[in-house]
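Chemist: Take a look at the following structure, please.
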Amino acid sequence: MSVEFDQKAHETLADANLQLAIYTSTGRLKRGRVASVASDVLPDYQELRTQANAIKKHAIDNLDYYLEEFERNVTARGGKVVYCKDATAVADFVLGLAKERGAGLIVKSKSMTTEEVDLNERLEHHGLESVETDLGEYILQLNHEKPYHIVLPALHKTRYDVAEIFTRRLNAPHETVIEKQTALACGVLRDKFLKADIGISGANFLVADSGAIVIIENEGNARLTTTAPRVHIVLAGIEKVIPRARDLATFLKLLARSATGQFLSAYTSFLSGARRPGEIDGPDEFYVVLLDNGRTRLLPDREKRQTLYCIRCGACLNACPVYRKIGGYSFPGVYSGPIGAILTPQFLGVTHEPALPFASSLCGACAEVCPVKIDIPKVLLELRSEVQKAETRDNRNRLERLSFRAFAWLMTHPRLYEMAGRIAAWMAPAGEGKWISSAPPWMNLPPVRAWLSQRDLPPPPAKSFREQWRQRR
Amino acid sequence: MTRDHILHRIRTALGRSAGQAAPADLPPVRLLVPEVDREARILSFTARLEALGGTVQRAATTQEACALVAAAIEGKSALASNAPFLAECGIAALAGVETGITDRQRLQERCAAIKVGITSADYALADTGSLVMLSTAHEARLVSLLPPEHIAVVPVERLLTGLDELFTVLPRPAEQTSSMVLITGPSRTADIEQILVRGAHGPGQVLAILVG
């Protein structure tokens with residue numbers, strides 16, 4: 001377990017207010033999801049999941065084909081598709097375009113992909129003003145924080161935190177009424193929308209047969225971002241492509257329900273380029289930036305490839321007993337929870353944060369709620385095995401490997417196993433209680449102590465199973 | 001070139017070659033359009049939109065629709081889109097209603113200043129309470145977005161059952177418009193302590209008037 005991961009998890013566990021915030025917020029989303037997919041309101045929920053999984057599987061298995069189709073259709077309507085291999089390439093493209101257009105102010109709608117490439121920081125480093133317009137993201141940007149949750153970025157902030165941030169950063173009067181805080185932020189941002197030169201959005205889906213992108217949101221900031229400025233830039237991972245517009249009937253029924261329990265989000269925008277002749281408003285220029293940033297690394301392995309089916313609904317976070325205790329900031333990278341535990345190690349390499357695939361009880365709650373049926377526990381196991389291989393290769397954790405080898409040897413030699421059991425029973429004090437806490441101090445040495453800091457063994461019984469079996473036979 | 005490099009990486013990883021077609025294992029489109037009679041559709045649309053904090057009114061005739069709009073905007077500044085149906089209802093000609101704007105800059109300025117935006121809608125969806133708006137020369141995007149109140153006047157025969165019917169009627173929306181938006185209730189946020197606030201960046205009030 002890495003020190004940082006361990007430390008952040010323990011900090012979260014020790015913070016009672018944060019524990020309550022995580023628990024109630026994720027609990028509310030969980031209940032919303034359950035109610036909105038109940039058999040009386042969505043009788044074909046399971047069929048929809050199966051269909052969504054089959055479409056995603058097909059699209060990822062033939063990713064090059066659908067990306068090219070998407071690109072052809074965007075280009076045919078005058079839009080431009082740009083491929084970027086990493087964060088630097090994305091920033092370079094945006095900076096180059098901003099320079100050409102003489103742009104200084106950029107408005108942004110919520111996008112995990114832009115968080116993934118630190119787009120705001122990179123643009124601001126070069127003197128551009130890049131403003132988050134989703135309320136939660138705006139609060140976090142003002143306070144220089146990253147999203148806590150895929151769907152509820154500012155889950156960990158109270159109205160009092162927000163009042164303090166607005167006072168400090170916007171010179172606003174101290175205001176703790178949430179409606180007024182919302183109005184205040186939207187007022188500041190309205191002005192930005194009307195003055196902005198470029199709007200940057202993410203995309204929930206790229207639709208190959210239409211050359212279109214789909215954005216789902218509740219506030220209206222994504223609509224404004226993609227309508228008011230003259231230039232619209234979309235940043236999306238290459239895995240977001242789906243074959244047909246008609247497939248949206250399947251995905252749209254699942255996405256908002258899984259995320260928040262809404263049947264549909266307040267706004268679902270299907271955008272296929274700049275405004276056309278005759279259309280009164282909308283952008284004059286349309287760019288789609290397709291990001292790799294480690295995604296192609298997930299493709300060779302058929303099992304792990306399914307990680308790319310994710311539609312970022314966040315349902316697995318809300319369902320996860322681990323996320324609900326250790327929260328979003330314990331996870332390295334911007335993606336947290338079960339999906340983060342399989343995405344981040346694959347984007348960055350398993351050795352970057354080897355603790356991640358192990359931060360799970362493999363209970364399967366994530367797979368049960370996943371609208372596209374990603375078998376997250378299975379991918380976690382694959383990644384665990386990769387971490388082990390990497391550690392063997394680098395000759396790390398020798399003691400642990402040696403212990404397991406010894407254990408395996410013992411388990412395959414029944415007589416010795418039985419003898420070892422008797423020795424353990426003889427050494428351990430009889431009766432109730434924790435075995436190790438009452439074990440002789442010489443056994444409580446550092447490696448054993450580390451292993452037992454999170455675990456314990458019950459005292460061995462006076463008579464082992466094998467002995468009882470022999471007597472009863 | 002990055003494009004070719006990335007596509008090459010994808011193909012190598014997937015064991016595919018350039019120009020290779022996708023195999024025929026794409027699952028068939030799944031669109032199931034139920035038979036729901038008109039009254040049931042209206043009831044469902046009304047229940048869904050009202051559950052989200054929107055309002056639904058019914059008008060038997062275009063004149064009645066016009067009277068409902070007149071009552072709803074009384075004392076407020078309003079701007080009507082250039083939708084022929086609004087003209088047909090006489091809404092565009094109501095006193096105090098601005099309309100006929102075709103200049104982008106001017107439209108943006110006016111929409112940011114007035115209180116009520118009046119539009120029609122191409123479709124409405126019964127099982128979600130959604131309005132479906134296609135951006136055209138008649139229907140700009142900002143009229144349903146910038147003003148704090150949105151009124152949509154929709155012929156009742158445009159009320160479809162839901163998403164499956166929408167994509168049956170409109171299998172490729174991009175052929176008709178650069179922008180199709182499904183509006184499902186008022187703009188909302190719950191980003192602070194998950195307390196629901198209606199009216200964030202978009203209209204906090206949505207009134208749908210079903211005509212016919």
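The values are calculated or read from the model by the stated rules, or taken from the named source; none is laboratory data. What you see is a predicted model, and the numbers here were worked out from it, not measured in a lab. With ideal geometry, Cβ positions are generated from the backbone for all residues, glycine too; neighbour counts draw on all protein chains shown.
Chemist: Could we say that B:Asp4 is within 12 Å of chain A (Cβ to nearest Cβ), of a type in the set (D, E, K, R) and surrounded by fewer than 19 Cβ atoms within 10 Å (Cβ to Cβ) here?
Modeler: Numbers: within 12 Å of chain A (Cβ to nearest Cβ): yes; of a type in the set (D, E, K, R): yes; surrounded by fewer than 19 Cβ atoms within 10 Å (Cβ to Cβ): yes.
Taking the combined requirement at face value, the residue satisfies it.
Chemist: Scan region A:78-136 residue by residue and report those that are among the hydrophobic types (A, V, I, L, M, F, W, C), under 30 Å from B:Glu193 (Cα atoms) and either assigned to a strand (DSSP E or B) or without any contact (Cβ under 8 Å) to a residue 24 or more places away in the chain (or both).
Modeler: Across region A:78-136, the qualifying residues are A:Leu105, A:Ile106, A:Val107, A:Val131.
Chemist: Does A:Ala266 count as within 20 Å of A:Thr225 (Cα to Cα) and surrounded by fewer than 24 Cβ atoms within 10 Å (Cβ to Cβ)? Step through it out loud before you land on a result.
Modeler: Numbers: within 20 Å of A:Thr225 (Cα to Cα): yes; surrounded by fewer than 24 Cβ atoms within 10 Å (Cβ to Cβ): no.
Judged against the criteria, A:Ala266 is not a match.
Chemist: Still on this structure, please answer the following. Tell me, which residue of region B:169-204 that is part of a strand (DSSP E or B) and in contact with a Pro (Cβ under 6 Å, 6 or more places away or on another chain) is nearest to B:His138 (Cα to Cα)? Explain how you work it out, then say what you get.
Modeler: First, pick out the residues of region B:169-204 that are part of a strand (DSSP E or B): B:179-184, B:188-189, B:197-198.
Next, from what is left, pick out any that are in contact with a Pro (Cβ under 6 Å, 6 or more places away or on another chain): B:180, B:198.
Values: B:Met180: 14, B:Arg198: 28 Å.
Only one residue fits best here, namely B:Met180.
Chemist: Let me ask something else about it. Can you go through A:Val41, A:Val37, A:Val74 and tell me which one is farther than 22 Å from B:Ala21 by Cβ and buried (at least 20 other Cβ atoms within 10 Å of the Cβ)? Even if it seems obvious, please write down each step before you answer.
Modeler: Numbers: A:Val41 fails: buried (at least 20 other Cβ atoms within 10 Å of the Cβ); A:Val74 fails: farther than 22 Å from B:Ala21 by Cβ.
Just one listed residue meets the conditions, A:Val37.
Chemist: So, one more: For A:Leu399, are the conditions met, namely being out of contact with any Lys or Arg (no Cβ under 7 Å at 6 or more places or on another chain), of a type in the set (A, V, I, L, M), loosely packed, with under 14 Cβ neighbours inside 10 Å and outside any loop (DSSP other than H, G, I, E, B)?
Modeler: Details: out of contact with any Lys or Arg (no Cβ under 7 Å at 6 or more places or on another chain): yes; of a type in the set (A, V, I, L, M): yes; loosely packed, with under 14 Cβ neighbours inside 10 Å: yes; outside any loop (DSSP other than H, G, I, E, B): yes.
Yes.
Chemist: Got a sec? Which helices (runs of 4 or more DSSP H) wholly within region A:281-355 have at least 3 residues that are in contact (Cβ under 8 Å) with a residue 12 or more places away in the chain, away from chain B (no Cβ under 14 Å) and buried (at least 21 other Cβ atoms within 10 Å of the Cβ)?
Modeler: Numbers: elements: A:315-319, A:323-326, A:337-348.
Correct list: A:315-319, A:337-348.
Chemist: Just to be sure I understand, how many residues within region A:233-253 are under 17 Å from the mean Cα position of the chain (by Cα) and under 11 Å from A:Ala52 (Cα atoms)?
Modeler: So the answer is 0.
Residue-by-condition table, conditions (1) touching a Ser or Thr at 6+ places or on another chain (Cβ under 6 Å); (2) part of a loop (DSSP other than H, G, I, E, B); (3) within 11 Å of chain A (Cβ to nearest Cβ):
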residue: B:Ala87; (1), (2), (3): no, no, no
residue: B:Ile91; (1), (2), (3): no, yes, no
residue: B:Ala95; (1), (2), (3): no, yes, no
residue: B:Thr102; (1), (2), (3): no, yes, yes
residue: B:Arg106; (1), (2), (3): no, no, yes
residue: B:Ala112; (1), (2), (3): no, no, yes
residue: B:Ala121; (1), (2), (3): no, yes, no
residue: B:Ala124; (1), (2), (3): no, no, no
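Chemist: Sticking with this structure for a sec: Sort out which residues of region A:139-166 are within 17 Å of the chain's Cα centre (by Cα) and surrounded by fewer than 16 Cβ atoms within 10 Å (Cβ to Cβ), and write them in order of number.
Modeler: Listed by number, the list holds a single entry, A:Lys146.
Chemist: Follow-up question, since we're still on this one. Within region B:33-58, how many residues turn out to be within 18 Å of B:Gly212 (Cα to Cα), charged (D, E, K, R) and assigned to a helix (DSSP H, G or I)? Before you say what the answer is, go through the steps one by one.
Modeler: Of all residues in region B:33-58, those within 18 Å of B:Gly212 (Cα to Cα) come to B:36-46, B:55-58.
Next cut, charged (D, E, K, R) only: B:37-39, B:41, B:58.
Narrowing the set further to residues that are assigned to a helix (DSSP H, G or I) leaves B:38-39, B:41.
Residues in region B:33-58 being within 18 Å of B:Gly212 (Cα to Cα), charged (D, E, K, R) and assigned to a helix (DSSP H, G or I): 3 in total.
Chemist: Mind listing whichever residues of region A:53-70 are within 8 Å of chain B (Cβ to nearest Cβ) and either at positive phi or of a type outside the set (S, T, N, Q) (or both)? Please lay out each step first, then the result.
Modeler: Residues of region A:53-70 within 8 Å of chain B (Cβ to nearest Cβ): A:54-55, A:58, A:61-68.
Matches in region A:53-70: A:Ala54, A:Ile55, A:His58, A:Asp61, A:Leu63, A:Asp64, A:Tyr65, A:Tyr66, A:Leu67, A:Glu68.
Chemist: Can you tell me which residue is modelled with the lowest pLDDT among those in region A:361-378 that are assigned to a loop (DSSP other than H, G, I, E, B) and surrounded by fewer than 22 Cβ atoms within 10 Å (Cβ to Cβ)? Show your work before the answer.
Modeler: Kept after step one, since they are assigned to a loop (DSSP other than H, G, I, E, B), are these residues of region A:361-378: A:361-364, A:370-375.
Add one more test, that the residue is surrounded by fewer than 22 Cβ atoms within 10 Å (Cβ to Cβ), and what stays is A:361-364, A:373, A:375.
Working: A:Ser361: 91, A:Leu362: 95, A:Cys363: 96, A:Gly364: 97, A:Lys373: 98, A:Asp375: 98.
Per the criteria, the residue is A:Ser361.
Chemist: Does A:Phe251 count as within 7 Å of chain B (Cβ to nearest Cβ), hydrophobic (A, V, I, L, M, F, W, C) and over 23 Å from B:Arg3 (Cα atoms)? Step through it out loud before you land on a result.
Modeler: Numbers: within 7 Å of chain B (Cβ to nearest Cβ): no; hydrophobic (A, V, I, L, M, F, W, C): yes; over 23 Å from B:Arg3 (Cα atoms): yes.
Answer is no for this residue.
Chemist: I'm trying to understand the selection: among the residues of region A:19-52, which are more than 13 Å from chain B (Cβ to nearest Cβ) and either among the basic types (Lys, Arg) or more than 25 Å from B:Ala126 (Cβ to Cβ) (or both)?
Modeler: A:Gln19, A:Arg33
Chemist: Can you go through A:Thr176, A:Thr260 and tell me which one is at negative phi, within 9 Å of chain B (Cβ to nearest Cβ) and either buried (at least 23 other Cβ atoms within 10 Å of the Cβ) or out of contact with any His (no Cβ under 6 Å at 6 or more places or on another chain) (or both)?
Modeler: Working: A:Thr176 fails: within 9 Å of chain B (Cβ to nearest Cβ).
Just a single option satisfies the conditions, and that option is A:Thr260.
Chemist: So, one more: Considering only region B:144-185, how many residues are of a type outside the set (Val, Ile, Thr) and closer than 15 Å to A:Val207 by Cβ? Explain how you work it out, then say what you get.
Modeler: At the first step, the residues of region B:144-185 found to be of a type outside the set (Val, Ile, Thr) are B:144-150, B:152, B:155, B:157-160, B:162-167, B:170-176, B:178-180, B:182, B:185.
So of that shortlist, the ones also closer than 15 Å to A:Val207 by Cβ come out as B:163, B:166-167, B:170-176, B:178-180, B:182.
Going through region B:144-185 one residue at a time, the tally reaches 14.
Chemist: Are there any pairs with C-beta distances below 9 angstrom linking a residue in region A:162-186 that is more than 18 Å from B:Pro148 (Cβ to Cβ) to a residue that is assigned to a loop (DSSP other than H, G, I, E, B) and of a type in the set (Gly, Ala, Ser), with the two at least 6 apart or on different chains, and if so which?
Modeler: That search, which allows pairs on different chains as well, returns A:Val162/A:Ala154; A:Ala163/A:Ala172; A:Phe166/A:Ala172.
Chemist: To continue, here is another question. Looking at region B:175-205, which of the residues that are more than 7 Å from every other protein chain (Cβ to nearest Cβ) and closer than 16 Å to B:Asp122 by Cα is surrounded by the fewest Cβ atoms within 10 Å (Cβ to Cβ)?
Modeler: B:Glu175
Chemist: Now for a separate question. Would you check if there is a residue in region A:253-268 being at pLDDT 95 or above and part of a strand (DSSP E or B)? Lay out the reasoning, then the answer.
Modeler: To start, the set of residues in region A:253-268 that are at pLDDT 95 or above comprises A:253-268.
With the extra rule that they be part of a strand (DSSP E or B), the set shrinks to A:267-268.
The answer is yes; a qualifying residue exists.
Chemist: Can I ask one more? Mind listing whichever residues of region A:194-220 are at the interface with chain B (Cβ under 10 Å from one of its Cβ atoms), at negative phi and in contact with a helix residue (DSSP H, G or I) (Cβ under 7 Å, 6 or more places away or on another chain)? Show your work before the answer.
Modeler: Taking region A:194-220 and keeping what is at the interface with chain B (Cβ under 10 Å from one of its Cβ atoms), we get A:194, A:207-212, A:214-220.
Among the residues that remain, those that are also at negative phi are: A:194, A:207-210, A:212, A:214-219.
A:Leu194, A:Val207, A:Ala208, A:Asp209, A:Ser210, A:Ala212, A:Val214, A:Ile215, A:Ile216, A:Glu219 - these are the residues of region A:194-220 that are at the interface with chain B (Cβ under 10 Å from one of its Cβ atoms), at negative phi and in contact with a helix residue (DSSP H, G or I) (Cβ under 7 Å, 6 or more places away or on another chain).
Chemist: Restricting attention to region B:16-35, which residues are within 15 Å of A:Ala59 (Cβ to Cβ), at pLDDT 95 or above and exposed (fewer than 10 other Cβ atoms within 10 Å of the Cβ)?
Modeler: B:Pro28
Chemist: Quick one: would you say A:Gly187 is more than 28 Å from A:Ala91 (Cβ to Cβ), more than 9 Å from chain B (Cβ to nearest Cβ) and either of a type outside the set (Asp, Glu) or within 29 Å of the chain's Cα centre (by Cα) (or both)? I'd like the intermediate steps shown before the answer.
Modeler: Working: more than 28 Å from A:Ala91 (Cβ to Cβ): yes; more than 9 Å from chain B (Cβ to nearest Cβ): yes; either of a type outside the set (Asp, Glu) or within 29 Å of the chain's Cα centre (by Cα) (or both): yes.
Yes, satisfied.
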